[in-house]
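> Mind having a look at this structure? Questions to follow.
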Amino acid sequence: MSTDSVKRAEGTPDEPMPFAELGMKQEEYDRVREILGRRPTGSELAIYSVMWSEHCSYKSSKVHLKQFATKAPHSEALLVGMGENAGVVDIGDGWAATFKIESHNHPSYVEPHQGAATGVGGIVRDIMSMGARPIAVMDALRFGGADQDDTRRVLPGVVEGISHYGNCLGLPNIGGEVVFDPCYIGNPLVNALCVGLLRKDQIKLATAPGPGNKVVLFGASTGPDGIGGASVLASATFEDESQAKRPAVQVGDPFMEKLLIECCLELYAADVVVGIQDLGAAGVSCATTELAAKGTGGMHVDLNLVPLRDASLRPEEILMSESQERMMAVVRPSDIPAFMAICERWDVPATVIGEVTDTGRLVMTWDGETIVDIPPGTAADDGPVYERPFHEPAGQAALNADTPDRLARPLNLKATLLKLLGSPNLASKEWVTGQYDRYVRSNTVLAQPADAGMLRISEVMAGAEPTTRGIALSTDGNGRYAKLDPYAGAQLALAEAYRNVAVTGAEPLAVTNCLNFGSPEDPEVMWQFAEAVRGLADACRTLGVPVTGGNVSFYNQTGSTPIHPTPVVGVLGVIDDVAKRVPTGFAAEGLRVALLGETREEFGGSEWAHVAHGHLGGLPPEADLVAEQALGTVLVEAARRGLLEGSHDLSDGGLAIALAESCLARGVGVTVALTEDPFIGLFSESAARALVAVRPESFDELAALCAEHEVPCYGLGSTGGTSLVVENVLDVPVEELRETHSATLPALFG
Amino acid sequence: MSAARVGVVTFPGTLDDQDAARAVGLVGAQAVPLWHGDHDLKGVDAVFLPGGFSYGDYLRCGAISRFAPLMEQLIPAARAGLPVLGTCNGFQILCEAHLLPGALTRNASLHYVCRDQRVRIESTDTAWTSAFAPGQEIVLPVKHGEGRYVASAETLASLEAGGQVVVRYVGGNPNGAMNDIAGIRNEAGNVVGLMPHPEHAVEELVGAPSTDGLGFFTSILKKLVNA
């Protein structure tokens, strides 16, 4: 079988290439021809097609995403910003944290178990490639309606995939979200977050400097996973027998990934790694072009040396394979023996497949012939950039005009509370989180259903003194809010994650985001995207927390119907002394309960409108970021002073749900009195609010602290008893709350 | 008096080894890392086989680990009286190595389960449970997909008659184990296997909302120091 070499390409300039089948536009293909001064070989086309895909090149989103940099607030804590595998933040005492969230939406719809599992695997390798030990994961999940048939197929598979992969890796799963809405029925969202820990002077970057340094591929062997379009190249261009239909979704092996983690950490400790990159989307194509582009500029790779699981793979397929659990390192020749010995100790196969050059070209050979000869930066960095047209959706004004004012208000607020508490979005997620190991590594201070996950820092690393510090993480996002107003919706997602971190006593430091939208080729979707990015960038500036990285997932739509725009925002915070963390909910009887923040009549996009009326219209709650920051300051300072015995953020379902969940945390009741309209007081979703519980003698100090920061503080009542009592309004035994809260998901999913 | 030395074994895919080592250290004993590929128990006084997914749990949980070089040393030493505690995957390995009878199979729910579980200490006549009172109820986390203890009717009868059931689930059985069995011991009482994780219940700040797991570690320390 003939190989499409550079020499052959030069001799057959007019041979048609299947660029369209690989998702490339004519003008993009013409650009490749222009760069190379000839037609690309099949292997080169494979590289450009994946590197210039939306997923790898951010070609539709780039022009908007740059606001995260241009509007970024100054932050002393930011060590590595956007553009690397993950952002890195200084968390004090010489420690740094690296974290990122990434989508694996489409694979999780096709094959829920493997799609979700490899989503976890991919983000964990991103964190490893920064030089860090991965220390925890979280997952933000969106499914179709809880009672829709396909949700019964997708949800159990996704949960099992995350459970299987994450548990086998030994990473505690400390939080996340599970949200149901019919808009996600054909497009579930699986956004996986990983956080890692490293010494701040040990950051690794994806770069290949130093001519003569060796390029090592290590981890799993390469098979025909996730090859997608490459078989088009292998069969259409040449007289190859038609390749069997390749699996489009990758298959994960968490055991190999666990070995890779331990192996990488030993390699870092031995200081035998110059540069490192994980192999994710676009596999060898991406790793080689990115490493070469950021290093000395050249690399020579012999593709015949790539260890294969399937000997029949063609070079184009090897380049595009998305086989999991692989890493690529750049290693000094003198360190190769030590590198190989560590890999062998962990039973991790490792192979030198090439070396760094100073030619400025990425050259690859196959059977002695040159099949790739390109300037790597043209594939890695100089992809197409589109300024896609956008405009406000035709129905947006009507949607915003259809406010919840027309909806009938409930007469029986107890029934409303129980209906909301048992609704799929607010019901206990124990059925899901009970399948995740939250304890492994023994650093978990807080995990779901706490407002944020929190970990102490106890890793043993060279040069590190013991520290009392910890980190807190939360992810949030509300597609209904973003549908009503994507600018405010993105800000509210950030505000909620920020608040969830602050209520545990941790100071919010930095942001990651996963932007899930429909097709960027639809100007109405593009408007949602542009507005959400603008909103998030503005809010980050106001709150003083920079975006450190993230991911864009487009084309989440079925036919012409996109999902609700769903920006999911993750916030990482740091707490000086983990022993001062504030648990979620009411820890004991006899505590004073206070509501911090202002309640307005805000029901647009609310859980009440959704559950009671199936209504979505009007505007979301106001995103008052100044109030949000003041509230955060009060919460963190109050925790530092040891004033708070418990806390809980107010969000979906308002005060009623926050009270119920706080009672459920330890089975402690509460009695409160409301002065305003009880329906508004209990169910409005005004942002910038939190519930706190303090010892009676601490109340005045809390009130004074609130006054100092102009945060409204209302004493509501006290904890105690076995019921949730709102005087003259409702009285529900905690046991009844528990039954209602915990029955829903098991009844739906078995 | 030299500190009691407790070996903590790491196989490829072991996950709770650092947790176990920390718990050993918390009670004042010395944790000694043992590597699966070594033929060397390093002269330890007792061995902890931690949880995880050794060798990816491929083939069967614990089925490959029992053939590890270290096990060639550990199996005869355990038969000769060396105290050994296996939790979760460690319990599975002890069963595969025939140091304990029966087997651990897929949970009846077919789901992995992670929860804080009430259990009763049924036997304090072991190297690892002497610090508890007979019948004492404690809370320990369980986290496993294959923790359903099964054995033949004869074996079960013999375990029950001989007082070899060490820990039993109460207030709900998380995996469908026969006779609610959470842990057992060998006849001599030096080898104990259990599905719950005492090493995740030893500090107020982290892990399960209890420190009930400490008893397993103080038990072995007391035994070794008094030996």
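Every number here is computed from the coordinates shown, using simple stated rules; none is lab data. Because the structure is predicted, anything quoted here is derived from the model rather than measured. Please note: Cβ atoms are built from the backbone with ideal geometry, for glycine as well, and neighbour counts cover all protein chains shown.
> In the stretch A:504-552, with Lys and Arg counted as +1 and Asp and Glu as -1 at Cβ, which of these residues, A:Gly518, A:Asn551, A:Cys540, has the Cα nearest the positive end of the dipole, that is, farthest along it?
The one lying farthest along the dipole's positive direction is A:Cys540.
> In the stretch A:535-649, what is the volume of the convex hull around the alpha carbon atoms, normalised per residue and reported in Å³? Don't jump to the answer; show the numbers that get you there.
Working: hull volume 20.6 nm³, N = 115.
Expressed per residue, the convex hull around the Cα atoms of the stretch A:535-649 is 179 Å³.
> Mind checking the full-extension length gain between A:Arg309 and A:Glu344? Use 0.36 nm per residue of separation minus the Cα-Cα distance, one decimal, nm.
10.7 nm
> Another question about this same structure. Test of understanding: express the Cα radius of gyration of the stretch A:443-526 as a ratio to 2.2 N^0.38 Å, with N the residue count. Could you put the intermediate results ahead of the total?
Details: Rg = 17.0 Å, N = 84, 2.2 N^0.38 = 11.8 Å.
Scaled against compact globular proteins, the figure is 1.44.
> Let me ask something else about it. If I model a spin label as a point 7 Å beyond the Cα along the Cα-Cβ vector, how far apart are those points for B:Glu187 and A:Asp271 in nm?
With each label point 7 Å from Cα toward Cβ, the separation is 5.8 nm.
> Would you mind giving the average projected area, over all directions, of the Cα convex hull of the stretch A:38-161 in nm² with one decimal? Numbers along the way, then the final one.
Numbers: hull surface 46.6 nm².
Mean projected area for the stretch A:38-161: 11.6 nm², to one decimal.
> OK, next. Taking chain A as a whole, which cysteines find no other cysteine Cβ under 4.7 angstrom from their Cβ?
So, A:Cys56, A:Cys168, A:Cys183, A:Cys194, A:Cys263, A:Cys264, A:Cys286, A:Cys343, A:Cys514, A:Cys540, A:Cys663.
> While we're looking at this one, here's another question. Projecting each Cα onto the charge dipole of the stretch A:361-485 (Lys/Arg +1, Asp/Glu -1 at the beta carbon, about the Cα centre), which of A:Pro375, A:Ala482, A:Pro404 comes out farthest on the positive side?
Ranked along the dipole, the leading option is A:Pro404.
> Reachable lysines from A:Lys483, Cα under 21 Å, same-chain residues fewer than 8 places away excluded?
none
> Okay, next question. On the principal axes of its Cα set, how long, how wide and how thick is the stretch B:1-111? Give whole Å, largest value first.
Result for the stretch B:1-111: principal-axis Cα extents of 48, 27, 23 Å.
> Putting +1 on Lys and Arg Cβ atoms and -1 on Asp and Glu Cβ atoms, find which of A:Thr12, A:Ser61, A:Gln26 reaches farthest to the positive end of the dipole of the stretch A:1-72.
Looking along the dipole axis, the top candidate is A:Ser61.
> Could you grab the relative contact order for the stretch A:326-409? Cα pairs under 8 Å, six or more apart, rounded to a whole percent. All intermediate terms of the calculation are to be shown ahead of the outcome.
Details: 26 pairs, mean separation 10.2, N = 84.
Once normalised by length, the contact order is 12 percent.
> If you don't mind, another one. Counting alpha carbon pairs within less than 8 Å and at least 6 residues apart, what relative contact order, in whole percent, applies to the stretch A:394-522? It would help to have the intermediate numbers written out before the result.
Values: 97 pairs, mean separation 19.0, N = 129.
Computed over the stretch A:394-522, the figure is 15 percent.
> Let me ask you something else. Could you give the dipole magnitude of the stretch B:36-104 about its Cα centre, charging the beta-carbon of Lys and Arg +1 and that of Asp and Glu -1, in debye to the nearest 20?
Numbers: 4 positive and 6 negative charges, 30 e Å.
Dipole size: approximately 140 debye.
> Of A:Lys62/A:Lys100; A:Lys100/A:Lys204; A:Lys71/A:Lys200; A:Lys25/A:Lys62; A:Lys62/A:Lys294; A:Lys204/A:Lys294, which ones are farther than 21 Å apart at the Cα? The partial results should precede the final answer.
Values: A:Lys62/A:Lys100 18 Å; A:Lys100/A:Lys204 16 Å; A:Lys71/A:Lys200 25 Å; A:Lys25/A:Lys62 18 Å; A:Lys62/A:Lys294 19 Å; A:Lys204/A:Lys294 13 Å.
Result: A:Lys71/A:Lys200 exceed 21 Å.
> If you don't mind, there's one more thing I want to ask. Please report how far the C-alpha centroid of the stretch A:690-739 lies from that of the stretch A:1-59, rounded to the nearest whole angstrom.
Comparing the Cα centres of the stretch A:690-739 and the stretch A:1-59, I get a distance of 64 Å.
> What stretch of chain B, leaving out the sites themselves, is the longest with no GluC sites (Glu not before Pro) in a DSSP loop having at most 12 other Cβ atoms within 10 Å? Each step should come with its number before you reach the end.
Numbers: sites that count: B:Glu187, B:Glu204.
That gives B:1-186 as the longest site-free run.
> Going 7 Å from the Cα of A:Arg152 toward and past its Cβ, which residues in the stretch A:710-750 have a backbone nitrogen under 17 Å from where you end up?
A:744-750
> On a C-alpha basis, how far is the centre of the stretch A:163-212 from the centre of the stretch A:499-570 in Å? Whole number, if you could?
Cα centroid to Cα centroid, the span is 17 Å.
> How long, wide and thick is the stretch B:108-227, going by the Cα atoms along their three principal axes, in whole angstroms, largest first?
Taking the Cα atoms of the stretch B:108-227, the three principal extents are 40, 37, 20 Å.
> Something else about it: At q = 0.10, 0.13, 0.18 Å⁻¹, what log₁₀ I(q)/I(0) does a Debye calculation on the Cα points of chain B give, no solvent, two decimals?
-0.37, -0.66, -1.40
> Tell me, what is the FRET efficiency for A:Ala747 and A:Arg600 to the nearest 0.05, using R0 = 25 angstrom and their Cβ-Cβ distance as r? Walk me through the intermediate numbers first.
On the way: r = 35 Å, r/R0 = 1.40.
Computed FRET efficiency for A:Ala747 and A:Arg600 comes out at 0.10.
> Can you spot the lysines whose alpha carbon is less than 22 Å from A:Lys419's alpha carbon? Ignore those fewer than 8 places along the same chain.
Qualifying lysines at Cα under 22 Å: A:Lys429.
> Turning to a different aspect of this structure: So which trypsin sites (Lys or Arg not before Pro) in the stretch B:1-110 pass both tests, a DSSP loop state and at most 16 other Cβ atoms within 10 Å of the Cβ? Walk me through the numbers before you get to the answer.
Values: sites: B:Arg5, B:Arg22, B:Lys42, B:Arg60, B:Arg66, B:Arg79, B:Arg106; in loops: B:Lys42, B:Arg60, B:Arg106.
Counting only loop positions with at most 16 other Cβ atoms within 10 Å, the trypsin sites (Lys or Arg not before Pro) in the stretch B:1-110 are B:Lys42, B:Arg60, B:Arg106.
> Please give, to one decimal in nm, the separation of the simple spin-label points placed at A:Val460 and A:Ala704, each 7 Å out from Cα toward the Cβ.
Calculated label separation equals 4.6 nm.
> Taking the stretch A:253-311, which GluC sites (Glu not before Pro) meet the DSSP loop condition and have no more than 11 other C-beta atoms within 10 Å? Could the numbers behind the result be given before it?
Working: sites: A:Glu257, A:Glu262, A:Glu266, A:Glu290; in loops: none.
Sites meeting the loop and neighbour criteria: none at all.
> Please compute the average number of Cβ atoms from other chains found within 10 Å of each residue's Cβ in peptide A:439-450. All intermediate terms of the calculation are to be shown ahead of the outcome.
On the way: counts 15, 12, 8, 16, 6, 5, 4, 1, 2, 0, 0, 0.
Whole-number average of other-chain Cβ neighbours for A:439-450 is 6.
> Which distance in nm do the two modelled labels at B:Ala77 and B:Arg60 give, with both placed 7 Å along the Cα-to-Cβ direction?
2.6
> Using the membrane-span-like helix rule (whole DSSP H runs, Cα extent along the own axis of at least 27 Å, mean Kyte-Doolittle hydropathy at least -1.0), which helices of chain A qualify? The partial results should precede the final answer.
Values: long enough: A:149-169 (31 Å, -0.22); A:523-543 (29 Å, 0.18).
Span-like helices in chain A: A:149-169, A:523-543.
> Over the stretch A:122-164, what number does the Rg to Rh ratio reach, with both radii from the alpha-carbon atoms and Rh per Kirkwood? Provide the component values of the computation, followed by the final result.
Values: Rg = 14.2 Å, Rh = 12.3 Å.
Result for the stretch A:122-164 is an Rg/Rh of 1.15.
> Once you keep just the Cα pairs under 8 angstrom separated by 6 or more residues, what percentage relative contact order results for the stretch A:549-646? Present the calculation step by step, with values, prior to reporting the outcome.
Working: 47 pairs, mean separation 30.5, N = 98.
Taking the mean separation of contacting Cα pairs over the length of the stretch A:549-646, I get 31 percent.
> On the first, second and third principal axes, largest extent first, how far apart are the outermost C-alpha atoms of chain A in Å?
87, 58, 47
> Additional query: Restrict the search to the stretch B:1-90; then list the chymotrypsin sites (Phe, Trp or Tyr not before Pro) that DSSP places in a loop and that have at most 13 other Cβ atoms within 10 Å of their Cβ. Don't jump to the answer; show the numbers that get you there.
Details: sites: B:Trp35, B:Phe48, B:Phe53, B:Tyr55, B:Tyr58, B:Phe67; in loops: B:Phe53, B:Tyr58.
Filter output for the stretch B:1-90: B:Tyr58.
> Quick one: Cα centre-to-centre distance for the stretch B:156-171 and the stretch A:416-465, in angstrom?
After rounding, the separation between the Cα centres reads 33 Å.
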